[in-house]
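Report on the following structure.
The values are calculated or read from the model by the stated rules, or taken from the named source; none is laboratory data. In this text, all values refer to a predicted model and were calculated from it rather than measured experimentally. A quick note on method: Cβ atoms are made from the backbone with ideal geometry, for glycine too, and the neighbour counts reach across all protein chains shown.
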Amino acid sequence: MKGKPVVDPVYMTATYKFDTSDDLIDVVQNRSGYIYSRWDNPSVAAVETELAKIEGYASSVGFGSGMAAITTAIMAHVKAGDRIVSTQEIYGGTYELLHDTLPAYHVDTVMINCWDQERLLAEIDKGLTLLYLETPTNPLLRVVDIKALADAAHAKGAVVLLDSTFASPVNQHPVDLGVDVAIHSATKYLGGHHDVTAGFVCCNAPFFQKIWSLRKVLGGVMDPMTAVMTLRGMRTLTLRIQKHNENAMQIARFLETQDTVKCVHYPGLASHPDHGVAKKQMSGFGGMLSFEINGDFDQTKHFMDALGIIKLATSLGGVTSLANQPITNTHVALSPENRAKAGVSESLVRFSAGIENVDDLIGDLDQALAASICCVAKGST
């Protein structure tokens, strides 16, 4: 065929045919081709190759969700009796995995507040199998010094895993900071359009085989159509991230001037406690921010309900701006005590800046903040 398709083909097949038994045996023994899509698929392989190139690792492994990627990456590196050190401020699903699920398999996890680097280093010094980090964190956008912690963990012979979803590969380069295994929920920035559910693990040769083999066993594979749609999203990743970064910075600066806002959490602001670390290890500050309404739960809920252009929804990292109240959804599984430890208050709003006109977004936030004030005024009459 002289002409070739511009768009990546979708290989919607579960199995593959062979001309000879020797060909089949070679693929089974040497992974020299395709035999079954729970193992490998050409569409999935194409997006895996592209992301590995972007992240600077030798390989990446695609999954059916971000949590499938996280669960498989962690379980591939721990066994009964092992010890994990993790930051406290991690995604709610990951927290459930480490805090509720893994103890049943006799894997112990010590969680330390990400801003307490001295305590983190002290726990690492006691010995560990795996260090698990997430930075910037969800939802307070705290930033940990990846290299300092990775170096300490490596000195103890541990593997270092990082959920880099909030940053994206454009703003943060885990491979340059000593991270062994970088994880992304591709549902967010990589896909970028709120229409795929997927995840990736990026790593080099010593870690790839363990993770790939366990994916094959657990079955949390990416489907071919999702792979092609994610690859399509990645074609515009750099352009989109630039706009996400710009919008988030302008919105954070606007919110910081509002009396109706108690505080703004965005690593690009000089007022952010981790601004210096963020400047050192990130090339951009990302499209995520959070802020606290100067009011109670009901006032914050009224603010959420008053939003127009900005959609009330979970998830993040797409072209459409989204906002939610973490206490009602993303962190609802945490006890009040653990939410307090994580700094998740009833008036906290998590905001994912899309790529819309920034003046329209600021106008929407402004009118919703005004509506929350009106709610207070009506309640007091």
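Per-structure values
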read-out: Subset tally (residues that are of a type in the set (A, V, I, L, M) and within 22 Å of Thr238 (Cβ to Cβ)) for the range 31-57; value: 5
read-out: Condition met for Thr72 (touching a residue at least 40 places away in the same chain (Cβ under 8 Å), in contact with a Leu (Cβ under 6 Å, 6 or more places away or on another chain) and surrounded by 19 or more Cβ atoms within 10 Å (Cβ to Cβ)); value: yes
read-out: Residue among Lys17, Lys53, Lys4 that is over 30 Å from Val344 (Cα atoms), part of a loop (DSSP other than H, G, I, E, B) and at pLDDT 95 or above; value: Lys17
read-out: Residues of the range 230-277 that turn out to be small (Gly, Ala, Ser), closer than 17 Å to Thr137 by Cβ and in a helix (DSSP H, G or I), as a count; value: 3
read-out: In the range 246-272, the residues that are in contact (Cβ under 8 Å) with a residue 60 or more places away in the chain and β-branched (Val, Ile, Thr); value: Ile251, Thr260, Val261
read-out: Matching helices (runs of 4 or more DSSP H) fully within the range 123-222 where at least 3 residues are assigned by TED's automatic domain parsing to the domain that holds Ala313, buried (at least 22 other Cβ atoms within 10 Å of the Cβ) and under 20 Å from the mean Cα position of the chain (by Cα); value: none
read-out: Members of the range 14-42 that are more than 18 Å from Leu214 (Cβ to Cβ) and of a type in the set (D, E, K, R); value: Lys17, Asp19, Asp22, Asp23, Asp26
read-out: Whichever residue in the range 109-124 is out of contact with any helix residue (DSSP H, G or I) (no Cβ under 8 Å at 6 or more places or on another chain) and in contact (Cβ under 8 Å) with a residue 24 or more places away in the chain and, among such residues, is farthest from Ser164 (Cα to Cα); value: Glu123
read-out: Subset of the range 1-39 [among the acidic types (Asp, Glu) and touching a helix residue (DSSP H, G or I) at 6+ places or on another chain (Cβ under 9 Å)]; value: Asp8
read-out: Those residues of the range 290-327 which are assigned to a strand (DSSP E or B) and either under 18 Å from Ala371 (Cα atoms) or touching a Gly at 6+ places or on another chain (Cβ under 8 Å) (or both), in sequence order; value: Phe291, Glu292, Ile293, Lys311, Leu312, Leu322, Ala323, Asn324
read-out: Residue match in the range 356-364 (condition: of a type outside the set (S, T, N, Q), modelled with pLDDT of 95 or more, over 21 Å from Gln242 (Cβ atoms) and assigned to a helix (DSSP H, G or I)); value: yes
read-out: Hits in the range 282-338 (condition: touching a Cys at 6+ places or on another chain (Cβ under 7 Å) and either more than 21 Å from Lys188 (Cα to Cα) or of a type in the set (Lys, Arg) (or both)); value: Glu292, Gln299, His302
